[in-house]
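Below: one structure, written as structure tokens.
The values are calculated or read from the model by the stated rules, or taken from the named source; none is laboratory data. Note that the coordinates shown come from a computational prediction; the quantities given were computed from them, not determined experimentally. Counting neighbours? That spans all protein chains shown, and the Cβs are built from the backbone with ideal geometry, glycine included. For the accessible areas, the whole protein counts, side chains as well, though only heavy atoms, and no ligand, DNA or RNA atoms are used. Shrake-Rupley method; radii C 1.70, N 1.55, O 1.52, S 1.80 Å.
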Amino acid sequence: MKPVLIILTGRAPDNIRARHGDFPHWFRVGAKLARPLWIVDVAAGEPLPSPHTVSGSIITGSAAMVTERAAWSERTAGWIRNAMDVELPMFGVCFGHQLMAHALGGRVDYLPGGREIGTLPISQYPGGSSDPLLSGLPTSFRAHTTHEQSVLEPPAGATVLAGSTRDPNHFLRYGRHATSVQFHPEFNADVMRAYIRRKHSVMQQEGQDPQATFRAVAPTPDARRLLHRFARLNHLAAGAPEALTAQAPRDRVA
């Protein structure tokens with residue numbers, strides 16, 4: 001049984017990790033992964049395996065910035081392009097979302113107007129309801145967010161299926177097996193609150209209201225459901241795979 005590859009591009013802050021665990025645990029629980037995990041810390045310089053040796057990959061968030069063009073980040077971008085060539089199932093989150101878009105020809109930079117943080121409504125665009133992951137979800141659903149950079153220009157050939165008021169590119173599909181999201185489906189409400197507490201002073205300096213943002217935190221079951229759907233559609237989770245409710249295009253961005 002081929003493992004699921006977790007590409008670790010960073011770690012949760014120490015105080016959050018001590019209380020809530022780290023990214024791989026959150027993804028295992030959220031996606032209900034049934035296969036063994038192969039965790040590769042690319043930010044620490046660990047080499048990535050051949051895409052042929054894994055059953056799928058999840059690319060995590062990070063405090064790093066794609067625009068820094070760090071050597072480890074650019075190597076991972078190259079790996080993503082190779083994985084697209086063999087149609088490996090991939091799901092990128094936050095930094096992982098930005099890195100996938102960058103790797104495939106999109107443009108990433110700072111989100112105009114500053115960071116986006118908190119539990120926010122994500123709205124589907126026309127076509128979202130026929131996507132295998134979004135089908136059956138409300139046209140507007142809540143998701144946890146915390147990011148300064150974003151995908152400002154999606155890659156040619158990618159489909160944008162959902163966004164927030166400030167960031168129109170929250171959900172990208174690159175082909176039948178590859179998607180990425182700017183929001184954090186792996187967060188629960190307690191983790192979101194912990195991030196807001198950590199950014200309290202910075203948010204005040206930026207003119208945001210951390211207390212109002214904290215009070216607005218709410219469960220995000222629909223966003224979380226995307227992780228499990230990705231895993232089930234690609235035979236990575238327990239139980240029978242969900243039937244494809246739509247035929248997404250074959251991976252075509254390379």
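With bins 5 Å wide starting at 0, give me the P(r) of the stretch 1-89 over every alpha carbon pair, in whole percents.
Bins of 5 Å from zero give 3, 13, 24, 24, 21, 11, 4, 1 percent of pairs.
If you count, for each residue, the other Cβ atoms within 10 Å and average over each peptide, how do 84-90, 211-217 line up from highest to lowest?
84-90, 211-217
Rounding to the nearest 20 debye, state how big the charge dipole of the stretch 66-155 is about its Cα centre with +1 on each Lys and Arg Cβ and -1 on each Asp and Glu Cβ. Walk me through the numbers before you get to the answer.
Values: 6 positive and 9 negative charges, 23 e Å.
My answer is approximately 120 debye.
For the stretch 131-215, what is Rg from Cα atoms divided by 2.2 N^0.38 Å, rounded to two decimals?
1.24
Nearest 5 is fine: what % of DSSP beta bridges in the stretch 55-150 come out antiparallel, could you say?
Details: 10 of 13 bridges.
Expressed as a percentage, antiparallel bridges in the stretch 55-150 total about 75.
Project the alpha carbons of the stretch 40-95 onto their principal axes and report the range along each, largest first, in whole Å.
Over the stretch 40-95, Cα extents along the principal axes are 28, 20, 17 Å.
Please compute, over every Cα-Cα pair in the stretch 1-150, the percentage with a separation greater than 17 angstrom.
66 percent
When the accessible area of the stretch 7-109 is computed with all protein chains present and a 1.4 Å probe, what percentage of it is carbon and sulfur?
49 percent
Which one, TRP79, PHE171, LEU48, projects farthest toward the positive side of the charge dipole computed for the stretch 34-172 from Cβ point charges (K/R +1, D/E -1)?
The one lying farthest along the dipole's positive direction is PHE171.
Send over a whole-number figure in Å² for the accessible area per residue of the chain, probe 1.4 Å.
For the chain, the per-residue accessible area is 41 Å².
Report, in debye and to the nearest 20, how large the dipole of the chain comes out about its Cα centre when Lys and Arg carry +1 and Asp and Glu carry -1 on their Cβ.
Its charge dipole is roughly 540 debye.
What shape does the stretch 101-153 take by its C-alpha gyration tensor, where a ≥ b ≥ c are the square roots of the eigenvalues and a/c under 1.5 counts as rounded, a/b above b/c as prolate, and the rest as oblate?
Cα axes put the stretch 101-153 in the oblate bin.
With a ≥ b ≥ c the root eigenvalues of the C-alpha gyration tensor of the stretch 1-40, is it rounded (a/c under 1.5), prolate (a/b larger than b/c) or oblate?
Oblate, since a/c reaches 1.5 and b/c is not below a/b.
Roughly what % of DSSP beta bridges within the chain run antiparallel, to the nearest 5?
That works out to approximately 60 percent antiparallel.
From the C-alpha gyration tensor of the stretch 65-224, pull out the three semi-axes of the equivalent ellipsoid (sqrt of 5λ each), sorted largest to smallest, in whole Å.
26, 20, 13
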